[in-house]
Amino acid sequence: MGIFALIVLGIIVVVVLIGLSSAVRIINEYERGVLFRLGRLMALKGPGLRLIIPFGIDRLVKIDLRTVTLEVPPQEVITHDNVTIKVNAVIYFLVVDPNHAVTKVANFINATSQIAQTTLRSVLGQSSLDELLANREKINSRLQQIIDEQTEPWGIKVSTVEIKDVELPGTMQRAMAKQAEAEREKRAKIIHAEGEFEAAQKLTDAATVIAAQPSALQLRYLQTLTEIGVERNTVIVFPVPIDLVQQLIDLREEKAGGPKAATKT
């Protein structure tokens, strides 16, 4: 009888220790505990040391309140202008209502991931490639709004959705490169034509000034000689104005007695 009593006492002690160990729960500062008693939602427990009824009567589910970074796997999408691309994104969300996150959805992380993939394909399928490349912030905001509306009943708040990378087919990359090259070539031709036009306009203005002041042409000749002299050339080509040559011819004809004498000479 003594040995039997010791065995029973030992079993009782072991059961009590197991019960105490299962009754003590520690909740961190960034967590909240959702308490169920006999399968019924009872209360939301804050951080600290918490005691529950063991042996399956109470069940405490811990929910992390920190922001979760969820990477959406690459999705193959056909845009509105029939271009096949691969897009991946990242979602930042957090739990704002632990009770709903436990009772409204089986696995809120997996459910949010599936909704994000579906929404990503749907939204990008309604956008053209140019809109995706040029208005990425607008598309990110639209994705965030749609996903947040769908996850709100689960107590999930989606704060940010960012499209990380857009992978284009090789043929589309080459076509875009040709388009950019043609655009730059067009700009270069336009700039060159504008430069030619401005240069021609300045030359026209200069010719008008020289025509009004013949002495300006002589000053230009002297300036040209000065520029040539700086280079220390052995041969100097001096442009003689036509008017000066004509004056010398007229003077010679007067001295020779007229045009006929000048011709005989």
Residue list for the stretch 153-168, filter: under 17 Å from T69 (Cα atoms) and over 22 Å from the mean Cα position of the chain (by Cα):
G155, I156, K157
Scanning the stretch 60-73 residue by residue, the ones that are within 21 Å of the chain's Cα centre (by Cα) and surrounded by fewer than 15 Cβ atoms within 10 Å (Cβ to Cβ) total 3
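Results for (1) in the same structural domain as T118 (by TED's automatic domain parsing); (2) in a helix (DSSP H, G or I), shown as yes or no for each residue.
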{"site": "E137", "(1), (2)": "yes, yes"}
{"site": "N140", "(1), (2)": "yes, yes"}
{"site": "Q145", "(1), (2)": "yes, yes"}
{"site": "S159", "(1), (2)": "yes, no"}
{"site": "I163", "(1), (2)": "yes, no"}
{"site": "V166", "(1), (2)": "yes, no"}
{"site": "E196", "(1), (2)": "no, yes"}
{"site": "T208", "(1), (2)": "no, yes"}
It is to be established whether one or more residues within the stretch 169-182 are out of contact with any Lys or Arg (no Cβ under 8 Å at 6 or more places or on another chain), more than 25 Å from D64 (Cα to Cα), in contact (Cβ under 8 Å) with a residue 24 or more places away in the chain and in a helix (DSSP H, G or I).
yes
Starting from the stretch 131-145, keep only residues that are touching a residue at least 24 places away in the same chain (Cβ under 8 Å), then list their pairs with residues that are small (G, A, S) whose Cβ atoms are within a distance under 7 Å, requiring at least 6 positions of separation or different chains.
I139/S127
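Based on this model, can you work out whether G48 counts as exposed (fewer than 10 other Cβ atoms within 10 Å of the Cβ) and either aromatic (F, W, Y) or outside the structural domain of A101 (by TED's automatic domain parsing) (or both)? Step through it out loud before you land on a result.
Working: exposed (fewer than 10 other Cβ atoms within 10 Å of the Cβ): no; either aromatic (F, W, Y) or outside the structural domain of A101 (by TED's automatic domain parsing) (or both): yes.
In short, no.
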The one condition L133 fails out of (1) modelled with pLDDT of 85 or more; (2) exposed (fewer than 15 other Cβ atoms within 10 Å of the Cβ) is (1)
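Quick test for you: out of I53, I12, I26, I57, pick the one residue that is under 46 Å from the mean Cα position of the chain (by Cα), without any contact (Cβ under 8 Å) to a residue 40 or more places away in the chain and more than 19 Å from A101 (Cβ to Cβ).
Details: I53 fails: under 46 Å from the mean Cα position of the chain (by Cα); I12 fails: under 46 Å from the mean Cα position of the chain (by Cα); I57 fails: under 46 Å from the mean Cα position of the chain (by Cα).
The conditions single out I26.
Which one of V96, V105 is in contact with a Lys or Arg (Cβ under 9 Å, 6 or more places away or on another chain) and assigned by TED's automatic domain parsing to the domain that holds V161? Before the answer, list the steps.
Numbers: V105 fails: in contact with a Lys or Arg (Cβ under 9 Å, 6 or more places away or on another chain).
It is V96.
The values are calculated or read from the model by the stated rules, or taken from the named source; none is laboratory data. Since the model is a prediction, treat every value here as computed from it, not as a measurement. Backbone-built Cβ (ideal geometry, glycine too); neighbour counts: all protein chains shown.
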